[in-house]
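Here the structure comes first, spelled out in structure tokens, and everything after it is commentary.
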Amino acid sequence: MLETLLAVFIGAFLAFKLEGESRKREEIKKNVAASNSALFVILRQLNSLKLFQRDMIDPHRSDTAISINMDPLLQETHDDLDVDFKSLDFILGTKHQKALIEIYLLQQRFREATKAINHRSKLHYEQIQPVLAESDIGMSGLYEREYIAKVLGEKLFDEIVRITDQVVTTTDDTIKSSETALNKFLSALKDIYPKAKFLNFTVIS
């Protein structure tokens, strides 16, 4: 009788232990998948800004009339580039909360950069270009800062200069902080799950 009870107890204990280990493996699998999804989104955010910096900002960095000569873009919402922070809640129970907070702040900076780029593009398309098209210089070639200021008027010129400066600064700062935050986040994930495979990424140069 005692042997039977002992066997039942051991069997139940082993079943419970196996079930617990199975749940733990599933939890790890889910968390690693969520982490890789977040890494992919962050990488896409960073590469999006890197492309903009390389193709739009860098060619005009030394241009005193960059606010006019840097081309506008079509409006981009990047609605699909949002990190699912709820799926990353497991990080809050580790020593790496700061890495997650930095990713959250990075998400906000990316949104601000996108908002500034869209605002400048809208201003350029809807107000700058019509004035230039009606002026004697039209819409061809690059423009000198002083002459453009006279053509646009002080208020409009100051606004396009301000928002362009914001675009350049926000883009540069976000890219710089993105690379640091991304590496810290990846290091944190590897510390939490050292045996897991995480996304290998390459940032556009």
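Simple spin-label estimate for Asn200 and Tyr125 gives 4.0 nm between the two label positions (7 Å along the Cα-to-Cβ direction from each Cα). Kindly flag which residue pairs out of Lys155/Lys176; Lys50/Lys190; Lys30/Lys86 have an alpha-carbon separation exceeding 24 Å in this structure. Check vs 24 Å cut-off fails for Lys155/Lys176; Lys50/Lys190.
Computed extension gain for Asn36 through Asn183, at 0.36 nm per residue and net of the alpha carbon distance, reaches 51.6 nm. For the stretch 31-192, the Cβ-based charge dipole about the Cα centre amounts to some 700 debye (Lys, Arg positive; Asp, Glu negative; other atoms uncharged).
Working from Cα pairs under 8 Å separated by at least six residues, relative contact order for the stretch 36-106 is 37 percent.
Think of the stretch 31-192 as a dipole: +1 on every Lys or Arg Cβ, -1 on every Asp or Glu Cβ, centred on the Cα centre; then among Ser177, Leu88, Ile163, Leu88 lies furthest on the positive end.
Across the options Ala99, Met70, Asn118, the greatest Cα extent toward the positive end of the charge dipole of the stretch 31-192 (unit charges at beta carbon of Lys, Arg, Asp, Glu) belongs to Ala99. Pull out a ≥ b ≥ c, the square roots of the eigenvalues of the alpha-carbon gyration tensor of the stretch 31-192, then state rounded if a/c is under 1.5, prolate if not and a/b is larger than b/c, and oblate in the remaining case. In terms of gyration-tensor shape, prolate. Ordering Val168, Val161 by the number of other Cβ atoms within 10 Å of each residue's own Cβ, fewest first, gives Val161, Val168.
The value of relative contact order for the stretch 31-192, using C-alpha pairs under 8 Å at least six residues apart, is 37 percent.
All of the numbers you see were taken from the coordinates with simple rules; none came from a lab. From a predicted model like this one, the values you see are computed outputs, not experimental measurements. Quick reminder, even Gly has a Cβ in these numbers, built from the backbone with ideal geometry, and neighbours come from all protein chains shown.
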